[in-house]
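Read the structure below first, then the notes.
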Amino acid sequence: MNKLLVLFFIFIITLASCDGRNRKYKTNAEVLKENKLLESFTQEIKFVPEAYTEIKTDTILSSGFEVKINYHSLERDFVLETKKLKNDSTTRIHYKNFEAQLLVLKNNTIINRSLINKKFFYEFESAEFWANAIMQFIWIDYEASNKNTLQLNTSFCTSNTDECKDFTLKLNEQGDIQIEEINISSNTI
């Protein structure tokens, strides 16, 4: 019985010493660092755009061209940018990549069905640019199109810089695509 009483007192003393006095004067950040949990609480995760984005274009031109474009974000394909802030917190921004499904008809006959994404343009720029580039948009250039040629424009920009590359896609009546890079130079006054 004495042994049981001694064990009972040892048990109570052990529980009484586990009251967190050693953490009393530590900040929350210090306690989280000690338990290797600080990073998970100081990390912010953002997605750009936040939700699935889709733009559909269905255009019939007087030249006989009919253009259907389904431009949409890719949910599992993104460019990751990590920013370290002053207070040791981190922001991870996931910029979603985009692609466009293109269907072109001439006089009610399908002449081209393509998937327009950054892989389509790899020969025009370095792999480093394409690793960080995101398709901004694709549109029909009505003024440059004529009865024999349909012209589309697209633009790719990197997420961490303001570097952009613009391209023209020229489709002939057979549906063949010719790609040209547009060199836009700015004039400073």
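When the stretch 60-87 is filtered for residues that are acidic (Asp, Glu) and modelled with pLDDT under 90, only Glu81 remains. Can you spot a residue in the stretch 164-176 that is buried (at least 16 other Cβ atoms within 10 Å of the Cβ), assigned to a loop (DSSP other than H, G, I, E, B) and modelled with pLDDT under 95? Scanning the stretch 164-176, I find at least one residue that is buried (at least 16 other Cβ atoms within 10 Å of the Cβ), assigned to a loop (DSSP other than H, G, I, E, B) and modelled with pLDDT under 95, so the answer is yes. Evaluation of Leu102 against the conditions (1) assigned to a strand (DSSP E or B); (2) open to solvent by 10 Å² or more (accessible area, probe 1.4 Å); (3) out of contact with any helix residue (DSSP H, G or I) (no Cβ under 9 Å at 6 or more places or on another chain) shows that the sole unmet condition is (2).
Residues of the stretch 60-81 that are polar (S, T, N, Q) and either touching a Phe, Trp or Tyr at 6+ places or on another chain (Cβ under 8 Å) or open to solvent by 80 Å² or more (accessible area, probe 1.4 Å) (or both): Ser62, Ser73. For the criterion of being more than 15 Å from Lys96 (Cβ to Cβ), among the hydroxyl-bearing types (Ser, Thr, Tyr), assigned to a strand (DSSP E or B) and within 27 Å of the chain's Cα centre (by Cα), Thr161 fails.
Exposed (fewer than 12 other Cβ atoms within 10 Å of the Cβ) and hydroxyl-bearing (Ser, Thr, Tyr): does that describe Thr161? For Thr161, the condition - exposed (fewer than 12 other Cβ atoms within 10 Å of the Cβ) and hydroxyl-bearing (Ser, Thr, Tyr) - is met. From the list Thr57, Thr90, pick out the single residue that is at pLDDT below 95, of a type outside the set (Lys, Arg) and open to solvent by less than 30 Å² (accessible area, probe 1.4 Å). So the residue among Thr57, Thr90 that is at pLDDT below 95, of a type outside the set (Lys, Arg) and open to solvent by less than 30 Å² (accessible area, probe 1.4 Å) is Thr90. Candidates Trp130, Trp139: the one that is closer than 23 Å to Leu61 by Cα and aromatic (Phe, Trp, Tyr) is Trp139. When the test is whether a residue is part of a strand (DSSP E or B), modelled with pLDDT under 95 and open to solvent by 30 Å² or more (accessible area, probe 1.4 Å), Phe137 passes it. Could you list, in sequence order, all residues of the stretch 108-134 that are touching a strand residue (DSSP E or B) at 6+ places or on another chain (Cβ under 8 Å), open to solvent by 50 Å² or more (accessible area, probe 1.4 Å) and within 20 Å of Asn183 (Cα to Cα)? Residues satisfying the conditions are Phe120, Phe124, Glu125.
The combined condition, being over 27 Å from the mean Cα position of the chain (by Cα), surrounded by 10 or more Cβ atoms within 10 Å (Cβ to Cβ) and polar (S, T, N, Q), is fulfilled by Asn148.
The values are calculated or read from the model by the stated rules, or taken from the named source; none is laboratory data. Quick caveat: nothing in here was measured; it's all calculated off a predicted structure. Positions of Cβ are backbone-derived with ideal geometry, glycine not excepted, and every protein chain shown enters the neighbour counts. Ligands, DNA and RNA are stripped out before the accessible areas are found, and what is left, the full protein with its side chains, is counted by its heavy atoms. Shrake-Rupley method; radii C 1.70, N 1.55, O 1.52, S 1.80 Å.
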